[in-house]
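Here's the structure we're looking at; comments come further down.
The values are calculated or read from the model by the stated rules, or taken from the named source; none is laboratory data. Treat the numbers as computed from the prediction; the structure is a model and nothing was measured. Positions of Cβ are backbone-derived with ideal geometry, glycine not excepted, and every protein chain shown enters the neighbour counts.
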């Protein structure tokens, strides 16, 4: 692995990151998550020349000075249009699951899909929860399973989840959330599944977001990503010169603080904890970064 030099970063311009001020906190977190994906996918792959890799364009965009990845570039918009036209012309559109209605999902919560339903159906038949006739049609429900909870009567590989029926028309949001809060510990006990200890022991707040922006975490990650993709070692003085030309940082500070912090900040546990803070706040997620930077906490 060779060493990177300053001339390698002619593509990098701090002005290209001015978009950060005008995006929401949610969008900013998504930009960080994009970097995690690109770092993960870059390991041992020629991602710049892999025509079969959908995200190759994201690397190319970063290294040509177009780092706002959450907004599709002209090439991506054109590709999506051409792909949709191809699907339409080939008669495959009806077979595309993305054309069927679906509900949003979030961490730990996903509305049941027909693929999952088919798995549960197979498990129910194997368990003998109900019986089919010779034509494969429903014949009778096994009375012993009539009130049995599905999630307590499935194979082990499916027992990490609970199949729920949430009645949106019969209870208010507060009632539903209250019920889930009460039931979660009881479900975990019955299912013998402890709450996973996967989130870092960190306090998140407005200062966290301000720190991420002030320390130019996105910019640092993009320079480090270039090194990973091109197989070049990026020294701490180079990082200081490229990312902080207006406010040089001590090499030791970059080594011991900024570099490790950038790596941690893009990790899934960190961004999940940051999203949890933003979700619980209820208002800050849609606030512009420029407004958050002016706040005093």
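For the structure I just gave you, tell me whether residue 287 is touching a strand residue (DSSP E or B) at 6+ places or on another chain (Cβ under 9 Å), surrounded by fewer than 20 Cβ atoms within 10 Å (Cβ to Cβ) and either more than 28 Å from residue 57 (Cβ to Cβ) or assigned by TED's automatic domain parsing to the domain that holds residue 32 (or both). Spelling it out, residue 287 is indeed touching a strand residue (DSSP E or B) at 6+ places or on another chain (Cβ under 9 Å), surrounded by fewer than 20 Cβ atoms within 10 Å (Cβ to Cβ) and either more than 28 Å from residue 57 (Cβ to Cβ) or assigned by TED's automatic domain parsing to the domain that holds residue 32 (or both). Looking at region 174-230 only, could you name the residues that are more than 24 Å from the chain's Cα centre (by Cα) and on the phi > 0 side of the Ramachandran plot? Within region 174-230, just 192 meets the criteria. Exactly one residue out of 8, 27, 13, 70 is under 21 Å from the mean Cα position of the chain (by Cα) and under 15 Å from residue 222 (Cβ atoms): that is 70. So for region 132-149 (the condition being outside any loop (DSSP other than H, G, I, E, B) and within 35 Å of the chain's Cα centre (by Cα)), does at least one residue qualify? Within region 132-149, not a single residue is outside any loop (DSSP other than H, G, I, E, B) and within 35 Å of the chain's Cα centre (by Cα). Quick check: anything in region 212-223 in the same structural domain as residue 43 (by TED's automatic domain parsing), at pLDDT 95 or above and exposed (fewer than 14 other Cβ atoms within 10 Å of the Cβ)? Yes - at least one qualifying residue is present in region 212-223. Scanning region 6-50 for residues that are in contact with a strand residue (DSSP E or B) (Cβ under 8 Å, 6 or more places away or on another chain) and part of a loop (DSSP other than H, G, I, E, B) yields a single hit, 23.
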